[in-house]
Amino acid sequence: MVRKLSRGGVLALGLAVLPLVAACSGGGGDKASGKGSEKSSPVAAVVAPAKVEVIAELTGCEVKIRTEAEELREGVCQTGDGDYLITTFPKDELKEVWLESASMYGGKYLVGPRWAVSAKPDVLKKLKVKVGGTIRDLSQPSAS
C-alpha cells in the first residue's frame, strides 16, 4: 500500500507540473488551423491530466470517488450544469479498451490522455471548454 501511494505521489506531482510546462512552452494559438471558432479558457489550451480530482477541480465539482481499481478510477460529479462521471486510467491502452466496451451503449464521451468523461452532450461541451479533450461519438463506427 505504501508503495502505491509513493508511486501515486510521484505521478500526481508529475501531472501537476505537466500543465505548467505545457503552458509555458510557447505553443500559442495556431490561427491557421481554423480551430479558433470555439470559445476556450486558458486551461483548455492544455488538456487536463489523468487524475480524477484534478479534472473535477477544473470543472468546479467536489468529486465523490465511486471506483478505485488498478485499471481505472471513477468519480461522480453533481453540478448545476449537470451530472457526469470522470474515469481515469493508468495507460491509454486501458482507456481505449474501456471506450470500446462503452461503444455497445453508444453515446458521446469527452476524452483526453488517460481519461474520459461521461455526460449528456450539452454538459460535455461545457466541460470541454474547461478541461480540453475531444468529444467522441461512440454510436458512430470508428474511422480506423
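The values are calculated or read from the model by the stated rules, or taken from the named source; none is laboratory data. Only a predicted model underlies this, so the values are computations on that prediction, with no experimental measurement involved. Methodologically, a virtual Cβ is constructed for each residue, glycine included, from the backbone with ideal geometry; neighbour enumeration extends over all protein chains shown. Areas reflect the complete protein model, heavy atoms only, side chains present, ligands, DNA and RNA absent. Shrake-Rupley method; radii C 1.70, N 1.55, O 1.52, S 1.80 Å.
Each row is one residue, and each column tells you yes or no for (1) in contact with a Cys (Cβ under 8 Å, 6 or more places away or on another chain); (2) of a type in the set (D, E, K, R); (3) open to solvent by less than 70 Å² (accessible area, probe 1.4 Å).
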residue	(1), (2), (3)
Glu53	no, yes, yes
Thr59	yes, no, yes
Gly112	no, no, yes
Lys128	no, yes, yes
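Quick check: anything in region 131-141 in a helix (DSSP H, G or I), open to solvent by 60 Å² or more (accessible area, probe 1.4 Å) and farther than 19 Å from Arg66 by Cβ?
no
Which pairs have Cβ atoms under 8 Å, sit 6 or more apart or on different chains, and link a residue in region 65-81 that is more than 12 Å from Leu94 (Cα to Cα) to one that is in a loop (DSSP other than H, G, I, E, B) and open to solvent by 50 Å² or more (accessible area, probe 1.4 Å)?
Cys77/Glu62; Thr79/Gly60
Please report, ordered by residue number, the strands (runs of 3 or more DSSP E) entirely within region 1-112 with at least 2 residues that are at pLDDT 50 or above and within 12 Å of Val131 (Cβ to Cβ).
82-88, 108-112
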